[in-house]
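The values are calculated or read from the model by the stated rules, or taken from the named source; none is laboratory data. Predicted, not measured: the structure shown is a model, and the values here were computed from it. Positions of Cβ are generated from backbone atoms using ideal geometry, with glycine treated the same way; all protein chains shown enter the neighbour counts. In case anyone asks, the SASA skips ligands and DNA or RNA and just uses the protein heavy atoms, side chains included. Shrake-Rupley method; radii C 1.70, N 1.55, O 1.52, S 1.80 Å.
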Amino acid sequence: MDDVFARFSDDRWDDFLDELDKIRVSVVDPAERQQMKATARRDAREAGTQPLLVRMALADHYLNLLAIGVWAGDESWRADLRDLVVSLVPEDDETRDDALLSSVIAVVLAQLLQDARLRGGSEADVIARSAWEKAQEWAAYAEDRHVERLLQHSTEAGARVVTASEVQEVVELATAAADDQHAETIAALETEGFTAEFMNGVWVVEGEFRNAVRAAARAITLTGHGCVLARNIRSSAVMLWQDNTLAMADSKVPRWRIYPILAPVTPQSKFSGGEGLPFTRETHPLAPAPEVVRRLADAVGVNLSHLLAALR
């Protein structure tokens, strides 16, 4: 660990932000970028062995390097920053200032969520999600007075910085998640343009989408198994998904259609082609529902008769 971080080893919480100001840099020689990356990666790997204030300073330093363009055009920073924010979750016996620590965590999570989604499937999405799952409960206690001083500012080419509003979105989502276990899923669905509500085990999504089946497929992919009812003024569609089996029915073609869903296939990718429904050899009348549909409904905890009513 560089000697520059030694100043953070003595639990001097009152001086932390002032000391950060002293070590931040505003420009870097392009010839030094590769070495700075290598050092930052090493520090990220070793952060877990350091005192909490040192870990916080390392996270801020990583954000500083992003702000001055060290990672311009290179997305490899995400995994390191994920490891750093996970390392910030304190042990029970560690001395800490909760508001300050939470503010650092909120800013780092906001950076990881930039150009990423909590329910997406890209590498950036997966990394952000894993960081969120480990650290989000702390982000709810961030304070504006600390966040303001933690924000990075830069006009360098390739700079990555977060804004106060991006951090506020993280804080609000973390606060909502603490009060409502479905808050994250609702936020993800609303990002897709859906109005979403969780009712009796069913995710009910509504919107101006043209194709209810595709909307249901997108929504159930985001929720990750379970049951979705997608509806608008023209049509509705139901999907039940558990393990590797998906059952689907819609108001235009009132039959149950059964599909295997084997990774890397998702419901969204399965139903993304053309206007018609993907082919399956297994179809059944809506009622009486076949055994496979009854089994799926039991597994995800929904009332099958209510689903059938929604399609009629």
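Every listed requirement among (1) surrounded by fewer than 18 Cβ atoms within 10 Å (Cβ to Cβ); (2) part of a helix (DSSP H, G or I); (3) without any contact (Cβ under 8 Å) to a residue 24 or more places away in the chain; (4) of a type outside the set (A, V, I, L, M, F, W, C) is met by Arg149 save one, (3). Per this entry, Val107 is counted among residues that are of a type in the set (A, V, I, L, M, F, W, C), touching a residue at least 60 places away in the same chain (Cβ under 8 Å) and either open to solvent by less than 20 Å² (accessible area, probe 1.4 Å) or within 17 Å of Arg160 (Cα to Cα) (or both). Restricting the first member to the stretch 116-128 and to residues that are within 14 Å of Leu81 (Cβ to Cβ) and at pLDDT 90 or above, and the second to residues that are part of a loop (DSSP other than H, G, I, E, B) and open to solvent by less than 70 Å² (accessible area, probe 1.4 Å), the beta-carbon pairs closer than 6 Å and six or more apart or on different chains are Ala124/Ala116; Ala128/Ala116. Selection of the stretch 41-63 for residues being within 24 Å of the chain's Cα centre (by Cα) and over 18 Å from Leu101 (Cβ atoms) yields Arg41, Arg45.
From the list Asp74, Asp18, Asp92, the one residue that fits, being surrounded by fewer than 17 Cβ atoms within 10 Å (Cβ to Cβ) and modelled with pLDDT under 90, is Asp92. Being open to solvent by less than 20 Å² (accessible area, probe 1.4 Å) and over 21 Å from Leu17 (Cβ atoms) is the requirement here; does Asp125 meet it? Against the criterion (open to solvent by less than 20 Å² (accessible area, probe 1.4 Å) and over 21 Å from Leu17 (Cβ atoms)), Asp125 qualifies.
I'd like to check something: does the stretch 192-210 contain any residue that is assigned to a helix (DSSP H, G or I) and of a type outside the set (A, V, I, L, M)? Please lay out each step first, then the result.
Restricting attention to the stretch 192-210, the residues satisfying the condition of being assigned to a helix (DSSP H, G or I) are none.
Checked the stretch 192-210: no residue is assigned to a helix (DSSP H, G or I) and of a type outside the set (A, V, I, L, M).
Which of (1) in a loop (DSSP other than H, G, I, E, B); (2) out of contact with any Ser or Thr (no Cβ under 8 Å at 6 or more places or on another chain); (3) open to solvent by 40 Å² or more (accessible area, probe 1.4 Å); (4) over 24 Å from Asp125 (Cβ atoms) does Val28 not meet, given it meets every other one? Failed condition: (3). Considering the conditions (1) under 29 Å from Tyr141 (Cα atoms); (2) at pLDDT 95 or above; (3) surrounded by 21 or more Cβ atoms within 10 Å (Cβ to Cβ), Glu166 is excluded by exactly one of them, (3).
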